[in-house]
Amino acid sequence: MLNTLSPARRRFVLLLVGGVASVAAVGALLAVRGLQSNAVHPVAQDSPGPVLLVPGYGGSLVSLDELVAALRAEGRDASVVVPPGDGTGDLREQARTLGAAVDAALARTGAPSVDVVGYSAGGVVARLWVRDYGGASQARRVVTLGSPQHGTGVAGLAVEVVPGQCSVACQQLAPDSDLLRQLNAGDETPDGPRFISIWTTTDQIVTPPDSARLDGALNIPVQSICPTTSLAHGDLPTSPVVLHTVELELGAGPPVAPTPRDCARFSS
């Protein structure tokens, strides 16, 4: 077809095609560089920094007192993040608050990274922070305790039966909520920190209990350590088995799942 064009028009078409190809090549190069610049470099795992603990729905700080005390007894710099409002508002806003607390902890200590422990809804907050608010390059370990990562039927029932009494966070913790669908789309444990999920199979608040399971995480039901243990949701942050497990997973060594051989030692 080019042969039918005048020499002037043929030169114009060739220049146009060449220009389009150059623009496409430059665009592809920029896209690759953009992907490379956005790549997350995993945080060094052998240098534990401060530990930030994120409370569950309702924002009770007292519930994490024993865990904070246990971590401090191990020589760790541990503190609880105070959620905005009463801890029942938008989980995204709570994730932004966590991000600000992390920035402050890193500035205060000079550490290269933090460890985050999220209890119940706090574990969902921690994942939101990692995915959307810069946590992927700041977190070494993320440990979640009985967190409804795929929703809880309790919240789903509240949405249906008493919607006027189901707060924003309550709605977001219902199975198949928009927030959880987006959070769990694709990789549930994106590059950056190591994820550890601890839960109890006898949880009656997070239903089903294995909603806490995360693809790509080290998943540890309490009953995989002490098979006969009946542990309620509210007992997770104070259970000696859980406290010892959290201490182990936040150590300088790689995360390792305890076994029934550890039950007696972890129960004391």
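The values are calculated or read from the model by the stated rules, or taken from the named source; none is laboratory data. Fair warning: this is a prediction, and the values are worked out from it, not measured in the lab. All Cβ positions, even for glycine, are placed from backbone atoms using ideal geometry, and neighbour counts span all protein chains on display. Accessible surface areas use protein heavy atoms only, side chains included; no ligands, DNA or RNA. Shrake-Rupley method; radii C 1.70, N 1.55, O 1.52, S 1.80 Å.
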Against the definition (in contact (Cβ under 8 Å) with a residue 12 or more places away in the chain and open to solvent by 30 Å² or more (accessible area, probe 1.4 Å)), how does His233 come out, yes or no? no
Condition broken by Arg140, with the remaining ones in (1) closer than 23 Å to His233 by Cα; (2) part of a strand (DSSP E or B) satisfied: (1)
State all residues of segment 181-204 that are within 26 Å of Ala139 (Cα to Cα), crowded, with 19+ Cβ neighbours inside 10 Å and in contact with a helix residue (DSSP H, G or I) (Cβ under 7 Å, 6 or more places away or on another chain); if no residue qualifies, say none. Leu183, Gly192, Pro193, Ile196, Ser197, Ile198, Trp199, Thr200
Please verify whether Asp46 is in a loop (DSSP other than H, G, I, E, B) and farther than 20 Å from Arg181 by Cβ, treating the condition exactly as stated. yes
Please work out which residue is most open to solvent (accessible area, probe 1.4 Å), limiting yourself to segment 87-128 and to residues that are part of a loop (DSSP other than H, G, I, E, B) and over 22 Å from Ala252 (Cα atoms). Asp90
Residue set Leu214, Leu248; condition assigned to a helix (DSSP H, G or I) and within 18 Å of Gly146 (Cα to Cα); output residue Leu248
Mind telling me which of the residues Gly56, Gly49, Gly75 ends up being at positive phi, of a type outside the set (Val, Ile, Thr) and modelled with pLDDT of 95 or more? Gly75
